[in-house]
Amino acid sequence: MEHQGNVAVVAGGTAGVGLATVEALIGGGYRVGVLARGAERLAEVENRYGEAVLALQCDVSDADAVMEAAQTVKGAWGPVDVWVNCAMLTAFSTFDDLSPQEFQAITDTTYHGQVWGTRAALSVMERGNIVNIGSGLSYRSVPLQSAYCGAKHAINGFTGAVRSELIAAGRPIEVSLIQLPAINTPQFDWARSRLDHRPMPAPPIYNPEVAATAVMKAIRTNARELYVGTSVLQLIAGQFVAPNFLDHQMASSGVDAQESETPQDGFRAGNLDAPAAYPADARGSFDGRAASTGLIVDADRLRTGVAAVAMAGAATLGVMLARRLRRS
């Protein structure tokens, strides 16, 4: 089919950051293929947006299914211009209590889902943007989410390797990473949990529209990596300067920061094995505590600025020392 332009795919697009991104893309003039496991939420999204979306039931942990979905979108609308990998799973549990099957399921969706999504995207794109959704936790891990943190770390390494290969091949496809802070999404209402209290995003909390704004900025500017929210900057800086301190800080406060005041009535199975019965909503249960705007920083420009300041400081110090030596 002839390329009709402005075609996007969002993997994990029926809730949370994914759904907020679908809404932003439609607002930007895109038609969007929406990939997700749950048929009910897919139908809800399709009813809501009509011909602007193509809803496809697909488990992103299944490489063949993701490839088939990509070909379906291309067959309907032509080559894809934008592909956003948003799907994720997590469990709030200590590593000791997390079974191998649980760890594997989280890794298969959160990490391998982005791998298979990227592979499928490259098969249906001539040019454009792939956006992988990362996290501040890809630089600084927290307790209770070992599988999720491991997957987010892996996404950083994978994305960098693919980006270099595309540059070497001369393919006009940009690959961006969006490193997110704590976001008010339904995952805290439906994720598997062994906590005493219901899980919550560790403050400061942002609404998913902030993440969607960052995705659109990455598409518009071809940014290599964007940091979203001041907490991500603090995590990255702290991990670079004082990782041992952060290990102990997370041990003392990292667990409490992820538990709400609401008691949890025993083990919550959540959505690890099957989609949760939950409406298609971008936001979770923490609207009253979440900000609808947030700082979005180009990571490469930040690094350049920090390096320039450091060099200027070193040069100033050198001049001062030279003057002192001349006087003596």
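Condition check ((1) at pLDDT below 95; (2) under 30 Å from Asp256 (Cβ atoms); (3) buried (at least 24 other Cβ atoms within 10 Å of the Cβ); (4) not aromatic (Phe, Trp, Tyr)) across all residues:
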| position | (1), (2), (3), (4) |
| --- | --- |
| Val10 | no, no, yes, yes |
| Val17 | no, yes, yes, yes |
| Ala43 | no, no, no, yes |
| Asp62 | no, no, no, yes |
| Thr72 | no, no, no, yes |
| Gly75 | no, no, no, yes |
| Asp96 | no, yes, no, yes |
| Gln101 | no, yes, no, yes |
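Taken over the stretch 152-192, the criterion of being in contact (Cβ under 8 Å) with a residue 60 or more places away in the chain, farther than 11 Å from Asn132 by Cβ and assigned to a helix (DSSP H, G or I) is satisfied by Gln187, Phe188, Asp189, Trp190. In the set (1) farther than 26 Å from Ser93 by Cβ; (2) in contact with a strand residue (DSSP E or B) (Cβ under 9 Å, 6 or more places away or on another chain), Leu180 fails one condition alone, (1).
Yes/no matrix, rows are residues, columns are (1) of a type in the set (A, V, I, L, M, F, W, C); (2) crowded, with 23+ Cβ neighbours inside 10 Å; (3) over 13 Å from the mean Cα position of the chain (by Cα); (4) not assigned by TED's automatic domain parsing to the domain that holds Pro263:
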{"site": "Tyr148", "(1), (2), (3), (4)": "no, yes, no, no"}
{"site": "His153", "(1), (2), (3), (4)": "no, no, no, no"}
{"site": "Asn156", "(1), (2), (3), (4)": "no, no, no, no"}
{"site": "Gln179", "(1), (2), (3), (4)": "no, yes, no, no"}
{"site": "Arg192", "(1), (2), (3), (4)": "no, no, yes, no"}
{"site": "Met200", "(1), (2), (3), (4)": "yes, yes, yes, no"}
{"site": "Pro208", "(1), (2), (3), (4)": "no, yes, no, no"}
{"site": "Gly238", "(1), (2), (3), (4)": "no, no, yes, no"}
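Listed conditions (1) of a type in the set (Lys, Arg); (2) in a helix (DSSP H, G or I); (3) within 19 Å of Val228 (Cα to Cα) are all met by Arg140, apart from (2). Could you say whether any residue in the stretch 2-15 is touching an Asp or Glu at 6+ places or on another chain (Cβ under 6 Å), touching a residue at least 12 places away in the same chain (Cβ under 8 Å) and assigned to a strand (DSSP E or B)? Looking for residues that are touching an Asp or Glu at 6+ places or on another chain (Cβ under 6 Å), touching a residue at least 12 places away in the same chain (Cβ under 8 Å) and assigned to a strand (DSSP E or B), one finds at least one in the stretch 2-15, hence yes.
Considering only the stretch 45-127, give the helices (runs of 4 or more DSSP H) lying wholly within it that have at least 1 residues that are among the charged types (D, E, K, R) and within 29 Å of Leu137 (Cβ to Cβ). Spell out the reasoning first.
On the way: elements: 63-77, 100-110, 112-124.
In the stretch 45-127, 100-110, 112-124 are the helices (runs of 4 or more DSSP H) which contain 1 or more residues that are among the charged types (D, E, K, R) and within 29 Å of Leu137 (Cβ to Cβ).
Checking Gly50, Gly38, Gly27, Gly33 one by one, the residue that is more than 21 Å from the chain's Cα centre (by Cα), modelled with pLDDT of 95 or more and not aliphatic (A, V, I, L, M) is Gly50 and no other.
Each residue in the stretch 268-322 was checked for being of a type in the set (S, T, N, Q) and modelled with pLDDT of 95 or more, and 4 of them qualify.
Return yes or no: is Asn129 touching an Asp or Glu at 6+ places or on another chain (Cβ under 7 Å), over 25 Å from Phe286 (Cα atoms) and crowded, with 22+ Cβ neighbours inside 10 Å? Against the criterion (touching an Asp or Glu at 6+ places or on another chain (Cβ under 7 Å), over 25 Å from Phe286 (Cα atoms) and crowded, with 22+ Cβ neighbours inside 10 Å), Asn129 qualifies. Checked against (1) out of contact with any strand residue (DSSP E or B) (no Cβ under 7 Å at 6 or more places or on another chain); (2) of a type in the set (Lys, Arg); (3) within 26 Å of Val297 (Cβ to Cβ), Lys152 passes all but condition (1).
Count, please, the residues in the stretch 107-123 that happen to be of a type in the set (A, V, I, L, M) and crowded, with 24+ Cβ neighbours inside 10 Å.
In the first step, residues of the stretch 107-123 are kept if they are of a type in the set (A, V, I, L, M); the result is 115, 120-122.
Filter again for crowded, with 24+ Cβ neighbours inside 10 Å, leaving 120-121.
Result for the stretch 107-123: 2.
The values are calculated or read from the model by the stated rules, or taken from the named source; none is laboratory data. Values in this document were obtained by computation on a predicted structure and should not be read as measured data. For neighbour counting, all protein chains shown are included, and Cβ atoms are generated from backbone atoms with ideal geometry for every residue, glycine included.
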